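Visitor: Below: one structure in structure tokens.
The values are calculated or read from the model by the stated rules, or taken from the named source; none is laboratory data. What you are looking at is a predicted structure, and each value in this text was computed from that prediction instead of being measured. Reconstructed Cβ throughout: ideal geometry from the backbone, glycine too, with neighbour counts over all protein chains shown.
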Amino acid sequence: MHLTRLSHRPSACFAPIIRLTLLLICALAFAHGALAAEFASSFSKAKQIAREDIYFDQNRSERGTVYCGCQWEWTGKSGGRVDWRSCGYEMRAQENRAARTEWEHIMPAHSLGQQRQCWQNGGRKNCVANDPLFHDMHVDLYNLTPSVGEVNADRSNFRFSPPPSASLVVQLAISPEFMSDWAV
């Protein structure tokens, strides 16, 4: 009988451990949120953190920039100069943007903000200045990645998704004009 009682009560022995684990998880989540808010206080700061702490060694890796895989040389606080030879990139129309890296929003800022009141009343600049939720989404380090500036411009507000066929990947490398035909 005594053994039967114990078989129904083992969870009571673990209750303090479960409570402590939950408390630790909550504390870590709060600390992560507090640190993210402190460090990514602006888009400039987010780009600087991305350069120094996340992508610091990717500029010369095989992975390179998103879309093209180009290597680059870091310049300034957060940008870089693209090495076109490393990926076979050919500038099409915007030499200045093609020569530099830019921080691409994987989910376009337009998609993050277009339905928000701040966007309706002044666009991206207004949302960054006056909408704390949009500001946090705009500087979210999980949403930023280095890109060739000209390709960033070509992508515009299109959603990030794989093309419906492999041949489109080749077409993108040659000419981005086709994107309006298949963009979602």
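Visitor: Going by the conditions given, is PRO162 assigned by TED's automatic domain parsing to the domain that holds ARG51, modelled with pLDDT under 70, within 30 Å of GLU62 (Cα to Cα) and not in a helix (DSSP H, G or I)?
Guide: Answer is yes for this residue.
Visitor: Do you know which residues across the range 50-97 are of a type in the set (Lys, Arg) and farther than 19 Å from LEU141 by Cβ?
Guide: ARG60, ARG81, ARG85, ARG92, ARG97
Visitor: So LYS47 clears everything in (1) surrounded by fewer than 19 Cβ atoms within 10 Å (Cβ to Cβ); (2) under 15 Å from TRP103 (Cβ atoms); (3) basic (Lys, Arg) except one condition, right? Which one?
Guide: (1)
Visitor: Among the residues of the range 123-150, count how many are closer than 21 Å to GLY79 by Cβ and outside any strand (DSSP E or B).
Guide: The number of residues fulfilling the criteria is 11.
Visitor: Could I ask something else about it? Across the range 80-102, which residue is modelled with the highest pLDDT among those that are part of a helix (DSSP H, G or I) and within 14 Å of ASN152 (Cβ to Cβ)?
Guide: Top of the filtered list is ALA99.
Visitor: A further question on this structure: On the given criteria, is GLU62 out of contact with any Gly (no Cβ under 9 Å at 6 or more places or on another chain) and more than 17 Å from LYS47 (Cα to Cα)?
Guide: Answer is no for this residue.
Visitor: Got a number for residues in the range 103-122 being assigned to a loop (DSSP other than H, G, I, E, B) and within 13 Å of the chain's Cα centre (by Cα)?
Guide: 3
Visitor: Here is a further query. Answer yes or no as to whether PHE39 is at pLDDT below 80, closer than 30 Å to PRO132 by Cβ, out of contact with any strand residue (DSSP E or B) (no Cβ under 6 Å at 6 or more places or on another chain) and of a type in the set (Phe, Trp, Tyr).
Guide: Here the answer is yes, as PHE39 does meet what is asked.
Visitor: Please verify whether the range 93-104 includes one or more residues that are farther than 23 Å from SER44 by Cβ, touching a residue at least 60 places away in the same chain (Cβ under 8 Å) and out of contact with any strand residue (DSSP E or B) (no Cβ under 6 Å at 6 or more places or on another chain).
Guide: Checked against the condition, which is being farther than 23 Å from SER44 by Cβ, touching a residue at least 60 places away in the same chain (Cβ under 8 Å) and out of contact with any strand residue (DSSP E or B) (no Cβ under 6 Å at 6 or more places or on another chain), the range 93-104 yields no hits at all.
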